[in-house]
Amino acid sequence: MKKITIKTIDLHVIALPLVERLRTSFGEEPYKAAILVEMQTDEGITGWGECSAEINPGYSYETVGTALHILREFLAPKLLGKTLSDATEVPDLLRGFRGHPLAKHAVEAAAWDALAKANEMTLAEAFARHLPDDHQPRGYATVGVSIGIQPSVEDTLAIINKRLGQGYGRIKLKIQPGWDVELARGVRAALPDITMMLDANSAYTLADADHLKQLDEFNLLMIEQPLGYTDIYEHSKLQPQLETSICLDESIHSVNDAKLAFDLGACRIINLKPARVSGYTESLKIYKLCVEREAPLWIGGLLETGIGRAANLAFASLPGVTLPCDISATDRYYNPDITDPPFVLGKNSTIATPTAPGIGVAVRMDRVQEAAKRWQESYPYQN
Ligand code: MG
């Protein structure tokens, strides 16, 4: 592997309009915020990474504000001037800093991109170098679509039918108490054969076990993160009571969390968000664990722009990622995105991975600058 030496790290905070507004527990946001990490090397290469921290500490405790602080004051200074022969060296360099996985993931991702470009390989090929020979990238990722909480079953069915018509082969529905069993029943009655799963985003407690058991009759691919967002133990009490497989998302921050969850029987499936586990180095460890345990694995998303989406698609193209991923085509989120060309849905609910080196998509600086200006104007209190 050709080495790189990190010369500069520039951060671009952007606000990008979403095609559909994002409804969270904090209300609706018209924009997706992101911190783009632009890493220049002495060899004249530019690597890009994306930090998916949100404006509010909703999904994660990290926010755009905390991530900027950690990136500027700690992570970037630690990496400047360093020579890397592999991006898996980054976590060791950052080992002195606790927490802040989303910020760490962003600089590590930029290093993966820069090193892959320096060695004229795709990001998927760079990941596969760390896996056994029979884990070569497939050239595509199998994907599905996630649908938020709607006013009625009819509204939900209308959106599901639209997405099925677009070619998405797996439907994920967000649920919460009062919007679960009847939703699943209504959708199953209308669409008995679709591949369907539910995501609870920690909306239930162990006291709801009997209620959740009612979901077993709907032939669900899985139920994602029913209990607390840091919990593994109570999930281990719930899983044996359900026929439906539990998938853990929020609770898994490291390969050790994943081992604990499997050993306790807290889940059978993992939703791996590379940003949540601090990067692709830790993601590769979780990937190998899932292969070893023969546990289904899929890749989740945090509404990444084309930079983060390209990297996640590359990871999702590895053959140990066995279930459809939450990585939709670009037009589902942004029009236009900050990268070219857009990702489009192909046959059999797949998205092809780029063939150019690194992330394989071009960053449009004009759009980055426009989105950075929008951030400055829309969220002046954050700067
Ligand atoms: Mg989830």
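The values are calculated or read from the model by the stated rules, or taken from the named source; none is laboratory data. Bear in mind that the values here come from a model prediction, so they are computed numbers and not experimental data. Protein only, heavy atoms only, side chains kept; ligands, DNA and RNA dropped before computing areas. Shrake-Rupley method; radii C 1.70, N 1.55, O 1.52, S 1.80 Å.
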Could you compute how fast the stretch 193-290 diffuses translationally, taking Rh as the Kirkwood radius over C-alpha pairs and applying Stokes-Einstein at 20 °C with viscosity 1.002 mPa s? Give it in µm² per second.
159
Where a Cα-Cα gap under 24 Å defines reach, which lysines qualify for K32, not counting those fewer than 8 residues away within the same chain?
K104, K162, K172, K174, K273, K373
If you find the alpha carbon centre of the stretch 238-304 and of the stretch 98-127, how far apart are they in angstrom?
21
With Cα coordinates, the longest principal axis of the chain makes an angle with the long axis of helix 153-166, in degrees rounded to 10, of 50
For the stretch 282-383, count all C-alpha to C-alpha pairs, find those more than 21 Å apart, and express that count as a whole percent of the total.
43
Would you mind checking the tilt of helix 280-293 against the longest principal axis of the Cα atoms of the chain, expressed as 0 to 90 degrees and rounded to 10?
40
On the accessible surface of the stretch 262-370, probed at 1.4 Å with all protein chains in place, carbon and sulfur together account for a percent value of 51
Over all directions, the chain yields a Cα convex hull whose mean projected area in nm² is 17.5
Can you give the relative contact order of the chain as a percent, counting alpha carbon pairs under 8 Å and 6+ residues apart?
20
Of all accessible heavy-atom area on the stretch 48-188, the percent that carbon and sulfur account for (1.4 Å):
50
Compute the acute angle (0 to 90°) between the alpha-carbon long axis of helix 181-190 and the principal axis of greatest extent of the alpha-carbon atoms of the chain; round to the nearest 10°.
90
Considering only protein heavy atoms, what per residue accessible area in square angstrom results for the chain with a 1.4 angstrom probe?
41
